[in-house]
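The values are calculated or read from the model by the stated rules, or taken from the named source; none is laboratory data. The structure displayed is predicted, hence computed values, not measured ones. Cβ placement follows ideal geometry from the backbone for every residue including glycine, while neighbour counts extend to all protein chains displayed. Remember, those area values only see protein heavy atoms, side chains included, never the ligands or the DNA or RNA. Shrake-Rupley method; radii C 1.70, N 1.55, O 1.52, S 1.80 Å.
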Amino acid sequence: MVRPTVARIDLRALKSNYRHIVDYLGAEPRERAPGVIAVVKANAYGHGAAQIARALEDAGADLLACADIEEGAALRAAGVRAEILVFGALSVSDLDGLFDCGLTPTISTPGAAHAVQTAAARHNHRLRYHLKIDTGMNRLGFRYDNLRRTLPDLFASPNLELAAVYTHFATADDPDSPLFNEQRARFERAAEDITTMRDPRPSTGSGRATGSTDPLMVSLSNHERTESSPYLHAANSAAILRDSRVWYDRVRPGLLLYGLVPPPASSTISLTPVMTLGSRVVAVKGIRPGEGIGYGIKFTAEQPTTIAIVPAGYADGLDLRLAGRGAVLIRGRRAPIVGSVCMDMLMADVTGLDVSPGDDVVIIGGQGNDQIDVREMAAQIGTIPYEILCRIGSRIQRVYE
C-alpha cells in the first residue's frame with residue numbers, strides 16, 4: 001500500500017446484508033419467497049466486482065447482474081460461476097462474449113432481438129434471455145402497449161428461449177409519484193399479454209383472475225404456471241422496501257446489498273455499510289486571519305486557523321461541492337472541508353484539535369462516536385448515494401476484509 005487513501009471493503013458485512021435481505025423477503029406471508037438477483041454492475045457500485053461477486057456466491061447468490069458483456073466477461077475471468085444477467089443494450093455489441101462466457105442477455109429492442117438471434121444461430125446455440133418491457137421510464141424496453149406488434153418475431157426466433165420478463169421502475173424512490181403504481185399495472189397487463197401470446201390456449205382454471213391484487217400472481221393470467229415458464233422481476237432496492245406486490249419471482253437489490261437504504265426510504269432490514277473510505281493527514285499548517293486557502297481562495301480565515309491536508313481529491317471521486325458543505329473525521333471530531341477539493345487533496349479545518357501528520361482520517365465511515373455515511377454525503381451535495389459510491393476512483397486501493 002503506497003497511497004494512504006484506501007477503501008476498506010467488509011465482505012462479512014456484504015454476506016450478512018445478503019442473508020438479511022433473503023430473510024426479509026421470506027418473512028412476508030407468501031406461497032414462495034422471491035429469489036434474489038444480486039446487482040454487481042459498475043464495478044459492484046465501486047466496491048470491486050470480482051471480489052464482491054465471489055463473496056455473494058459464497059453467501060448463496062445464484063444469479064448476478066451486470067451492465068454489459070464486458071463486465072460479465074470480467075466476472076467469468078475472475079472465476080464467478082453463477083448465472084450472470086446482462087442488463088444493457090446489445091444491438092451494437094460484439095455478441096460473441098455471450099456465448100464464450102455463458103452470459104444471459106437482456107433483449108430490449110427489436111434490433112437486439114435480431115442481432116442476438118443471428119449470433120445464436122451462428123453459434124448453433126439455443127440461448128435463454130430476459131425480456132425487458134418499458135412501462136414508463138422510456139429508456140430501454142419494448143413498449144408495454146405495443147407488444148402484440150413487436151414481440152411475435154422475437155417469440156418465433158428458433159434459437160432464443162424466454163427465461164424471464166422484467167421492467168424497471170422510474171419513481172420507486174418517490175412515494176408521491178403515481179407513476180409507480182401505473183407502471184406496476186402496465187407490467188402486469190404486459191405479462192398477461194405475453195402469456196397469451198406465447199400460449200393462446202384457453203384457461204385451465206388456475207383460479208387467479210386477471211387484475212387480482214394477489215402478490216403471488218406471477219403469470220397474471222388464468223394459465224397454469226410451470227417450472228419452465230418465464231418468471232418476472234421488477235423491484236430494485238427502493239421498490240423492495242416500498243411494495244411487496246412488485247417482488248414477483250425475484251428482486252434486484254443493489255444499494256441494499258452494500259448496506260445502504262435508498263433515500264428517502266427507511267428499512268427494518270439489519271444492514272451494515274460495506275465500504276469505508278479513509279486516509280491520513282500528510283501536513284498541518286497554520287493560516288493567519290485574512291489569508292485564503294486553495295484554488296480560487298473560496299475560504300478566507302477570519303481568525304487563526306489550523307488546516308490539515310488530506311491526500312484525496314476529485315481524481316479519487318470526491319465531489320468539488322464537498323468544499324464548504326462536507327466534513328471528514330479526524331481524532332473522532334468533524335473537520336469541515338474548506339477551500340476547494342483539489343485533484344489530489346483536500347483541506348480540512350482542524351482548529352482546536354491536536355492533529356499531526358499521520359493521523360487517521362475517515363471520509364466515509366465511523367470514527368469515535370461519529371459517523372459520516374454515503375447518504376449524508378450525497379445529501380450535502382445534492383446527489384444520490386449511488387453516484388458517490390460509483391465515482392470512487394480506480395487509483396484508490398480496495399482492501400478486502
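By the equivalent-ellipsoid construction on the alpha carbon gyration tensor, the range 37-81 comes out with semi-axes of 14, 11, 10 Å, ordered largest to smallest. Remark on the range 285-353: hydrodynamic radius 11.8 angstrom, per the Kirkwood mean of 1/r across alpha carbon pairs.
Across the accessible surface of the range 252-387, with the other protein chains kept in place and a 1.4 Å probe, carbon and sulfur atoms take up 50 percent.
Please tell me the relative contact order of the chain in percent, rounded to the nearest whole number, where contacts are Cα pairs under 8 Å and at least six residues apart. Mind showing how you got there, number by number?
Numbers: 859 pairs, mean separation 67.8, N = 401.
Here the relative contact order equals 17 percent.
Output the antiparallel fraction of DSSP beta bridges having both residues in the chain, as a percent to the nearest 5. Here the share of antiparallel DSSP bridges comes out near 50 percent. Comparing 318, 278, 389 along the charge dipole axis of the range 276-401, the residue lying farthest to the positive side is 318, per the Cβ-charge model.
So what are the range 279-401's ellipsoid semi-axes, whole angstrom, largest first, if each one is the square root of 5 times an eigenvalue of the alpha-carbon gyration tensor?
23, 16, 14
Each other residue within a Cβ distance under 15 Å of residue 324 adds +1 if Lys or Arg and -1 if Asp or Glu, for a net charge of +1. Close amide H contacts of residue 251 (hydrogens built in the peptide plane, cut-off under 5 Å, sequence separation of 5 or more or a different chain): 35, 36, 37.
Once you sort the root eigenvalues of the Cα gyration tensor of the range 117-207 as a ≥ b ≥ c, which label holds: rounded (a/c under 1.5), prolate (a/b larger than b/c) or oblate (the other case)?
Details: a/c = 2.53, a/b = 1.46, b/c = 1.73.
Taking the square roots of the gyration eigenvalues as a ≥ b ≥ c, the range 117-207 is oblate.
Contact order, relative form, for the range 294-401: 28 percent (alpha carbon pairs under 8 Å, 6 or more residues apart, mean separation divided by residue count).
Per the Debye formula on identical point scatterers at the alpha carbon atoms of the range 243-331, with no solvent, log10 I(q)/I(0) at q = 0.22 Å⁻¹ is -1.24. Listed values for the range 299-306 are Karplus-derived 3J(HN,Hα) couplings in whole Hz (6.51 cos²θ - 1.76 cosθ + 1.60, θ = phi - 60°), namely 10, 10, 5, 9, 8, x, 10, 10, and x replaces Gly and Pro. May I ask for the Rg/Rh ratio of the range 56-185, computed from Cα atoms with Rh as the Kirkwood radius, given to two decimals? Computed over Cα atoms, the ratio is 1.00.
Here the 3J(HN,Hα) profile of the range 57-66, calculated from phi with Karplus coefficients 6.51, -1.76 and 1.60 at θ = phi - 60°, is 4, 4, 7, x, 5, 10, 8, 10, 10, 10 Hz, Gly and Pro shown as x. Ordering 116, 78, 93 by Cα displacement along the dipole of the range 15-121 toward the positive end leaves 78 in first place; charges were set at the Cβ atoms of Lys, Arg (+1) and Asp, Glu (-1). Among 400, 166, the order of accessible area from largest down is 400, 166, computed with a 1.4 Å probe on protein heavy atoms. Dipole magnitude for the range 18-120: about 180 debye, using +1 per Lys or Arg Cβ and -1 per Asp or Glu Cβ, origin at the Cα centre. Using θ = phi - 60° in the Karplus curve 6.51 cos²θ - 1.76 cosθ + 1.60, the 3J(HN,Hα) couplings for the range 32-47 round to 8, 5, x, x, 10, 9, 7, 8, 10, 5, 6, 6, 6, 6, x, 8 Hz; x is entered for Gly and Pro.
A 1.4 Å probe run over the range 45-84, with the rest of the protein chains in place, finds 35 Å² accessible per residue. All distinct Cα pairs of the range 1-135 go into the 1/r average, and the inverse of that average, the Kirkwood radius, is 16.3 Å. When the residues 386, 314 are ordered by accessible surface, computed with a 1.4 Å probe over the protein chains alone, the sequence from largest down reads 314, 386.
The C-alpha atoms of the chain define a longest principal axis, and helix 110-122 lies at about 80 degrees to it.
Here the chain is treated with +1 on each Lys and Arg Cβ and -1 on each Asp and Glu Cβ, and its dipole about the Cα centre works out to around 160 debye. Compute log10 of I(q)/I(0) for the chain with the Debye formula, placing one identical point scatterer on every Cα and leaving out solvent, at q = 0.06 Å⁻¹, to two decimals. Listed by q, the Debye log ratios stand at -0.30.
Based on DSSP H segments of at least four residues, each scored -39500 (n - 2.57), the chain has a per-residue ellipticity at 222 nm of -7500 deg cm²/dmol.
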